[in-house]
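Read the figures in this text as sums done on the coordinates, not as results from a lab. In this text, all values refer to a predicted model and were calculated from it rather than measured experimentally. Cβ atoms come from the backbone with ideal geometry, glycine included; neighbour counts cover every protein chain shown.
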Amino acid sequence: MSDQDASSNTNTRKLKTYQEARMQNTENLRKLVVDAAATLLQEEGPEAVTVRKVSQKMNCSTKIIYNLFVNKEGLAQQLYLDGCKLLANEFERTPQAADPAQHLLNFGETFWQFGQHYCSYYKLMFGGAFADFKPDEESMRGTVTAMSQLLTVISNAQEQGLIPGQYDTESVIRIFWASLHGVIHLYMGGHLGDVQAAYAVYKQTLSLIVGSLFPNHSG
């Protein structure tokens, strides 16, 4: 290699400052801790996610966890945001339909499956599994982002005059979301019998909601 080539490589190489390198290492460590907590969440449920158990999973001191997240609630927030990403990914994979009513039915099915496949995340995000954790502004933005596709379908249907004018977009979202949450919460609380019985109630509820929003829907 010539001196000119060596000089060129030196000039194009981006050097990190000590602070930048330290910040990158901290972020990598935060991600590893969140991954460990997520594993506990999925394998053992929300009650297993404690600073002590996460530190044992990581084979490190609890002080490291506290330095990174301040407390258990800080760790819970990161898990909440991870759950929002999972939900957004599931919605992205939802089969699209030209008929917005059918598209909402598909979204409803996706939401049920999310509650089944990511039960512990669901309980953390929507079930109050961490009693001292309340979603902050950043967490709520994550929820809105996860639901953005649902918002788009409803807004487009309103613009086309398919949803009666007395409903504003925010009200439709709340009606749709709250009703489906209610069924899932009752099921998780043991009030709707086994999963087949609960799913039947969920499907009926979903059909009634979509039918009321799209009174002229023939599906």
Of every Cα-Cα pair in segment 16-70, the percent that sits beyond 18 Å
34 percent
Taking 30 Å as R0, compute the FRET efficiency from the Cβ-Cβ separation of residue 96 and residue 43 and round it to 0.05.
0.35
Say the cut-off is 19 Å between C-alpha atoms; which of 85/123; 123/203; 63/134; 53/134; 57/123 go over it?
123/203; 63/134; 53/134; 57/123
Tell me the mean residue ellipticity at 222 nm calculated for the chain from its helices only (DSSP H runs of n ≥ 4, each -39500 (n - 2.57), averaged over every residue, nearest 500).
-24000 deg cm²/dmol
Between helix 100-117 and the chain, what is the angle of the helix's C-alpha long axis to the longest principal axis, kept within 0 to 90° and rounded to the nearest 10?
60 degrees
Once the Cα atoms of helix 169-188 and of the chain are each reduced to a long axis, what angle between those two axes, in degrees from 0 to 90 to the nearest 10, is obtained?
90 degrees
Given the options 70, 187, 133, identify the residue whose Cα lies farthest towards the positive end of the charge dipole of the chain (+1 on Cβ of Lys, Arg; -1 on Cβ of Asp, Glu).
70
For a quick check, take a GNM of the chain with Cα springs below 10 Å and name the residue from 68, 87, 180 with the largest mean-square fluctuation.
68
In a Gaussian network model over the chain where Cα atoms closer than 10 Å are linked, find which of 37, 48, 200 has the largest mean-square fluctuation.
200
How big is the chain along each principal axis, measuring the range of its Cα positions in Å and listing the largest first?
75, 47, 28
Could you work out the relative contact order of the chain? I mean the mean sequence separation of Cα pairs under 8 Å and 6+ apart, divided by the number of residues, in percent.
19 percent
